[in-house]
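Structure, as structure tokens:
Derivation of every value follows stated rules applied to the coordinates shown; laboratory data play no part. All figures in this text were calculated on a predicted structure; none of them were measured in a lab. Ideal geometry is used to build each Cβ from the backbone, glycine not excepted, and the neighbour counts take in all protein chains shown.
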């Protein structure tokens, strides 16, 4: 390969998704090793003998959580965290299986093809690097080529990543080559996208129906409860005792951060450039900009930060300052204004306070020791001996969540499969380690009417049977109203008149296709199907939708047929859409079959 890098100068166009190259960078060779030995500490799973390590998995999940948070700018729910963890696991498993198939089939790419990719298409990190930019900010291809020719050994790793990308493309193309789309499929999709309908409609929502005349008597509630007793069954529950170990930093970890920042501050005082050090060491979002915070007034930053920053003379560097974000050192570049209008231009270097590997190892040793002691003496006795607090959860069902802990499905599963007194764990969450003991398990049971009534009185809510019966009556009443409106229209009234008689206003959908989402209703619902089944000017019967649960009466205002003459202009585009969809389906099915036949050992229950 080095010979090709030195001598090959042929330039061709290649088609590779740069994001996929980034994915290869993120996943290849990191935390994955080939072994058929028994699971060792840190091994999260195996796929046909290839190990997935705990570190690799958690780094992948952390990266995806960070990307999701930055993209959505929202807090991440436990359900989303769980979905991201599952997606990360499936992706890593698929990555190994695909690589195994590439090796089994002997797929390879010649050196000259790999070189052509490297020569004509620099990696994104290189393309965006100032070192390869002209004074005008344009990428300098000549500098890039000269660097490859002068130092070919530096590019061997990048070339290998390109080679793996092409191998996967070749495999994917081979699998997807069977995809085929007929002319009839293209026309059907064209019609679905371009035939449109506009309706006016009355929307009747059961939960908005007044309950004044729907409230049942005590006798009716009892009858309903007796007839539907099984609907009120309480699921099995479990209760756990637990000891929680936070993954918090130690005093030594905090002192280490302070010392490192003091060393950086001293380096600046001795002549080092603050901005350059910030680019390297700062963990704040302003790090890539040399820690530059721009001009700001009081009230914009953390109080501790501002107290020091506004007292510093221009050019000086502060001692480490602690805020809720971590420790900072600050340098003032400029001051302007006076009093309330005073502004300062500051830079900072931020270092977060994290638990070091040594601290985490120490915590893990404490967790392991407690688990071993608890296995013999019970959790409460072992924890008392070691000086740890034991907490007890409220009863919880066989779902994903443990009260006081959060989403931890593996522990929940074992809690319901184990006898009281069984020690579970250790388990790991984002911020803690846990050792559990099954305290109690209760089977499912059918509560009596009186038990539910007593609970309702204590919590100040209606009896569950009453709530269920009222909701059922609201739904029946909503359907009856929709039927009455449709019947009045069939008798000669307008939709507007019939809806007004029941206090409903008419809404409009606007022109929508079968593929469009109807505002406020959704996409692909029973509403859309009913609308396209009517002629212009025709009014429907009562139409029920399930998600959300509603009833509609609609009148078609306009129907626009798909333009056959315009079909030719969109045919190729739609063909491409359908072909891509089928290719993805074929590849997905192939991968599902591969996973079904693989020997996948999942040890996540030991960690999460």
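Sticking with the crude label model, points 7 Å out along Cα→Cβ, report the distance from residue 69 to residue 195 in nm, one decimal please.
4.9 nm
Using a basic spin-label model with each label point 7 Å from the Cα along Cα→Cβ, how many nm lie between residue 304 and residue 565?
7.3 nm
Considering Cα pairs under 8 angstrom that are at least six residues apart, work out the relative contact order of segment 364-442 and quote it in whole percent. Present the calculation step by step, with values, prior to reporting the outcome.
Values: 97 pairs, mean separation 21.1, N = 79.
Relative CO of segment 364-442 lands at 27 percent.
With r as the distance between the Cβ atoms of residue 345 and residue 111 and R0 = 60 Å, compute the FRET efficiency 1/(1 + (r/R0)^6) and round to 0.05.
Working: r = 52 Å, r/R0 = 0.87.
With a Förster radius of 60 Å, E is 0.70.
Calculate how large, on average over all directions, the projected area of the Cα convex hull of segment 251-351 is; give the answer in nm² to one decimal. Walk me through the numbers before you get to the answer.
Values: hull surface 23.8 nm².
Mean orientational projected area (segment 251-351, Cα hull): 5.9 nm².
Using Cα pairs under 8 angstrom and six or more residues apart, how large is the relative contact order of segment 259-331, in percent?
Values: 76 pairs, mean separation 20.3, N = 73.
RCO, segment 259-331: 28 percent.
I want to make sure I understand the PRE zone here: with the label point 7 angstrom from the Cα of residue 233 toward its beta carbon, which residues in segment 463-507 have backbone N atoms less than 20 Å away?
Answer for segment 463-507: 464-466, 468-469.
Provide the FRET efficiency to the nearest 0.05 for the residue 183-residue 526 pair, computing r from the beta carbons and using R0 = 30 Å.
On the way: r = 30 Å, r/R0 = 1.00.
FRET efficiency, residue 183 to residue 526: 0.50.
Would you mind getting the Kirkwood hydrodynamic radius of segment 364-442 from its Cα pairs, rounded to one decimal in Å?
Details: mean 1/r = 0.0780 Å⁻¹.
It works out to 12.8 Å.
Calculate how large, on average over all directions, the projected area of the Cα convex hull of segment 110-239 is; give the answer in nm² to one decimal. The partial results should precede the final answer.
Numbers: hull surface 98.0 nm².
Its Cα hull, projected and averaged over all orientations, spans 24.5 nm².
Per DSSP helix of 4 or more residues, -39500 (n - 2.57); summed, then divided by the residues of the chain. What does that give at 222 nm, rounded to the nearest 500?
Rounded to the nearest 500, the figure is -15000 deg cm²/dmol.
In percent, how large is the relative contact order of the chain, given Cα pairs closer than 8 Å and 6 or more residues apart?
Relative contact order of the chain: 21 percent.
Report the convex hull volume per residue for the chain, counting only C-alpha atoms, in Å³. Before the final figure, lay out each step's value.
Working: hull volume 176.9 nm³, N = 608.
For the chain, the hull spanned by Cα atoms encloses 291 Å³ per residue.
Mind ranking 425-437, 556-568, 260-272, 521-533 by how tightly packed they are, going by the mean number of other C-beta atoms within 10 angstrom, highest first? Intermediate results must be reported in sequence, preceding the final value.
On the way: 425-437: 21.2, 556-568: 12.8, 260-272: 14.6, 521-533: 17.2.
My ranking of the peptides, most packed first, is 425-437, 521-533, 260-272, 556-568.
Given points 7 Å out from each Cα along the Cα-Cβ axis, report the residue 472 to residue 323 separation in nanometres with one decimal.
5.9 nm
Return the FRET efficiency for the residue pair residue 207, residue 136: r is the Cβ-Cβ distance, R0 is 51 Å, and the value is rounded to the nearest 0.05. Provide the component values of the computation, followed by the final result.
Working: r = 63 Å, r/R0 = 1.23.
Between residue 207 and residue 136 the formula returns 0.25.
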